[in-house]
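J.: One structure, pasted below without further comment.
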Amino acid sequence: MSLESVSAFFREKNLDIPIIELAVSTATVALAAAAHGVEPGRIAKTLAFRLADGRVILLVASGDARVSHQKFKASFGKGKMLGQDEVVALTGHPVGGVCPFGLASPLPVYLDQSLRAYDEVLPAAGATHSAVRLSPALLAELTGGEWVDVC
């Protein structure tokens, strides 16, 4: 169902962005990079956090970037990554296939500056064997994402 919600999202926006479906798992950065033949940094990982005030946000970052606790706290305050069940319930996507498109619930999206090092990135597309290829600028435009520096 999650792949379908991503396809529907692209159709609603009148975009012809092909969803790449592979026969192998792309559920981790390492698996995705190997499957797509790219360096890990080009994999755009989507992480879900609950902030201290109860809000849930999505953070999309370069696959090789690590979230800095100090930078995250300076931007958002305290936050905790969501557990698997909560991620699925709020995004509609399985862990390993989470992306900022076709979400079950509208969530604010933040894009880490680490993505800007690449002309093209590959976020998942709602399944653990899927992705799309797009520029960080288009990713920001499609998601209404706000640029942050937390990695």
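J.: Could you pull out which residues in the range 34-62 have an amide N less than 13 Å from a spot 7 Å beyond the Cα of Ser105, following the Cα-Cβ vector?
T.: 48-51, 54-58
J.: I'd like the trypsin sites (Lys or Arg not before Pro) in the range 8-43 restricted to DSSP loop residues with at most 13 other Cβ atoms within 10 Å, sorted by number. Write out the running numbers ahead of the final one.
T.: Values: sites: Arg11, Lys13, Arg42; in loops: Lys13.
Sites meeting the loop and neighbour criteria: Lys13.
J.: Cα centroids of the range 10-36 and the range 89-109: how far apart, whole angstrom?
T.: 15 Å
J.: So with the 1.4 Å probe, I'd like the accessible area per residue for the chain, rounded to whole Å². Intermediate values should be presented prior to the final figure.
T.: On the way: 7430 Å² over 151 residues.
Roughly 49 Å² per residue, with all protein chains present.
J.: Counting only protein heavy atoms, what percent of the accessible surface of the range 85-142 is carbon or sulfur at a 1.4 Å probe? Before the final figure, lay out each step's value.
T.: Values: 1140 of 2130 Å².
The nonpolar share, carbon plus sulfur, comes to 54 percent.
J.: Please identify, among Ser114, Ser75, Ser62, the residue showing maximal mean-square fluctuation in a Gaussian network model of the chain using a 10 angstrom Cα cutoff.
T.: Ser75
J.: If Lys and Arg each add +1 and Asp and Glu each add -1, what is the summed charge of the other residues whose beta carbon sits under 15 Å from the beta carbon of Pro94? Show your work: numbers first, answer last.
T.: Values: positive: Lys45; negative: Glu4, Glu21, Asp85, Glu86.
Neighbour charge sum, excluding Pro94 itself: -3.
J.: Taking only pairs that are 8 or more places apart or on different chains, how many Lys pairs in the range 1-99 have Cα atoms under 25 angstrom apart? Don't skip to the end; give the middle numbers.
T.: Values: Lys13/Lys45; Lys45/Lys71; Lys45/Lys73; Lys45/Lys78; Lys45/Lys80; Lys71/Lys80.
Number of lysine pairs found: 6.
J.: Tell me which trypsin sites (Lys or Arg not before Pro) from the range 45-150 have a DSSP coil assignment and no more than 13 other beta carbons within 10 Å of their own.
T.: Working: sites: Lys45, Arg50, Arg55, Arg66, Lys71, Lys73, Lys78, Lys80, Arg116, Arg133; in loops: Arg55, Arg66, Lys78, Arg133.
Answer in residue order: Arg55, Arg66, Lys78.
J.: Net charge around Ala74, counting only other residues with Cβ within less than 15 Å of its Cβ (Lys, Arg = +1; Asp, Glu = -1)? All intermediate terms of the calculation are to be shown ahead of the outcome.
T.: Values: positive: Lys71, Lys73, Lys78; negative: Asp112, Glu146, Asp149.
The answer is 0.
J.: Using a/c under 1.5 as the rounded threshold, could you call the range 62-151 rounded, prolate or oblate? The axes a ≥ b ≥ c are square roots of the C-alpha gyration tensor eigenvalues, and prolate needs a/b larger than b/c, oblate otherwise. Mind showing how you got there, number by number?
T.: Working: a/c = 1.61, a/b = 1.07, b/c = 1.50.
Oblate, because a/c is 1.5 or more while a/b does not exceed b/c.
J.: Over the Cα atoms of the chain, what radius of gyration and what Dmax do you get, in Å?
T.: Every Cα atom of the chain included, Rg and Dmax give 14.1, 41 Å.
J.: For the chain, set up a GNM with springs between Cα atoms under 10 Å and report which of Asp64, Asp16, Asp112 has the largest fluctuation.
T.: Among Asp64, Asp16, Asp112, the largest mean-square fluctuation in the Gaussian network model of the chain belongs to Asp16.
The values are calculated or read from the model by the stated rules, or taken from the named source; none is laboratory data. Everything numeric here is computed off the predicted structure, so don't read it as measured data. Note that each Cβ is placed from the backbone with ideal geometry, even for glycine, and that neighbours are counted across all protein chains shown. Quick note on the areas: whole protein, heavy atoms, side chains included, nothing else; ligands and nucleic acids left out. Shrake-Rupley method; radii C 1.70, N 1.55, O 1.52, S 1.80 Å.
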